[in-house]
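Student: Sharing a structure with you now.
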Amino acid sequence: MSSGKLEDSISKLSWLDNHILYLSKRNGSVEIWDDRMDVSSGPTVTASIEAGSPIQDLEINVAHNLVLVAVNQKVSFLSLSDLRVLNEFTMPKPMQFREEGGASLRPDGVRFLAVSDYYYEFLFI
């Protein structure tokens, strides 16, 4: 991805390895890019999260083959390979993940934390 213009503004990004980049956009989409491919061909995979707000946090979890996406009141767990929504949790009230915190899966994959101006811990089932 050495040159070219990406559509819409990027809110978060994270490298999986030396070539694969996951990024989220303000329009609610998550994309997988491979920098060995021509950027004009677009992302290798694209998915949209129905959240009504820009994506505020993105975490790659290779051990559990997940992408965590946090937006407003929702934390979504996506498949690392094809960005399918595997599970979603709705927080009791909207959270400002971008400015104040984020969401993260514990290494054992049993719980995740959602942190903003207040704190939640959930079992991941």
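Student: When the residues of the range 79-94 are filtered to those that are polar (S, T, N, Q) and over 15 Å from Tyr22 (Cβ atoms), which remaining residue is surrounded by the fewest Cβ atoms within 10 Å (Cβ to Cβ)?
Tutor: Thr90
Student: Considering only residues of the range 82-110 that are outside any loop (DSSP other than H, G, I, E, B) and small (Gly, Ala, Ser), which is modelled with the lowest pLDDT?
Tutor: Ranking the candidates gives Gly102 first.
Student: Out of the residues in the range 16-47 that are surrounded by 13 or more Cβ atoms within 10 Å (Cβ to Cβ) and among the small types (Gly, Ala, Ser), state the one that is farthest from the chain's Cα centre (by Cα).
Tutor: Gly42
The values are calculated or read from the model by the stated rules, or taken from the named source; none is laboratory data. Given the structure is predicted, the values throughout are model-derived calculations rather than measurements. Neighbour counts are summed over all protein chains in view; Cβ atoms, including those assigned to glycine, are modelled from backbone coordinates with ideal geometry.
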